[in-house]
Amino acid sequence: MWAGICIAGGVFEELAYRGFLFYFLSAVIPHIDIVETVVISSALFGLAHIYQGWRGVVSTGVAGLVLGGLYALSGNLLVPIVAHVMANLRLLLILPPEEPP
């Protein structure tokens, strides 16, 4: 079940924050450049994770910069989607499996 959540989270967050938000920012602010777009979308991505506390906001904001950079450099949304899903799935390697009751 956790793997499904990791995959869905990576896909849908990338569609929202890199796919839709990049398009939306360029439509609303026509003179915005790609660096500003990456920074703004990363800040919003980080703030969306406020439930994780300030460390979560900062770490996801930094991850947003990396993922936004991947999208900006590749021009392909699949690149940050795969990176995001893989980053989410790494928790399966870190967390021990739960023992059945």
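The values are calculated or read from the model by the stated rules, or taken from the named source; none is laboratory data. Please read these numbers as outputs of a predicted model, since none were measured by experiment. Cβ coordinates were reconstructed from backbone atoms using ideal geometry, including for glycine residues, and neighbour counts include every protein chain displayed. Side chains included, ligands, DNA and RNA excluded: accessible areas come from the protein's heavy atoms. Shrake-Rupley method; radii C 1.70, N 1.55, O 1.52, S 1.80 Å.
Scanning the range 37-76 for residues that are open to solvent by 20 Å² or more (accessible area, probe 1.4 Å), under 22 Å from residue 26 (Cα atoms) and either β-branched (Val, Ile, Thr) or not in a helix (DSSP H, G or I) (or both) turns up 39, 40, 48, 62, 66, 75, 76.
So that you can scan it fast, the table gives a plain yes or no per residue for (1) closer than 15 Å to residue 15 by Cα; (2) within 11 Å of the chain's Cα centre (by Cα); (3) at pLDDT 95 or above:
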residue: 36; (1), (2), (3): no, no, yes
residue: 52; (1), (2), (3): no, no, no
residue: 56; (1), (2), (3): no, no, no
residue: 81; (1), (2), (3): yes, yes, yes
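Could you please give the count of residues in the range 77-86 that are assigned to a helix (DSSP H, G or I) and either over 22 Å from residue 4 (Cα atoms) or open to solvent by less than 40 Å² (accessible area, probe 1.4 Å) (or both)?
So in the range 77-86, the residues assigned to a helix (DSSP H, G or I) come out as 78-86.
When the remaining residues are screened for being either over 22 Å from residue 4 (Cα atoms) or open to solvent by less than 40 Å² (accessible area, probe 1.4 Å) (or both), the result is 80-81, 83-85.
Here the count works out to 5.
Within the range 4-18, being of a type outside the set (A, V, I, L, M, F, W, C) and crowded, with 17+ Cβ neighbours inside 10 Å holds for 10, 13, 14, 17, 18.
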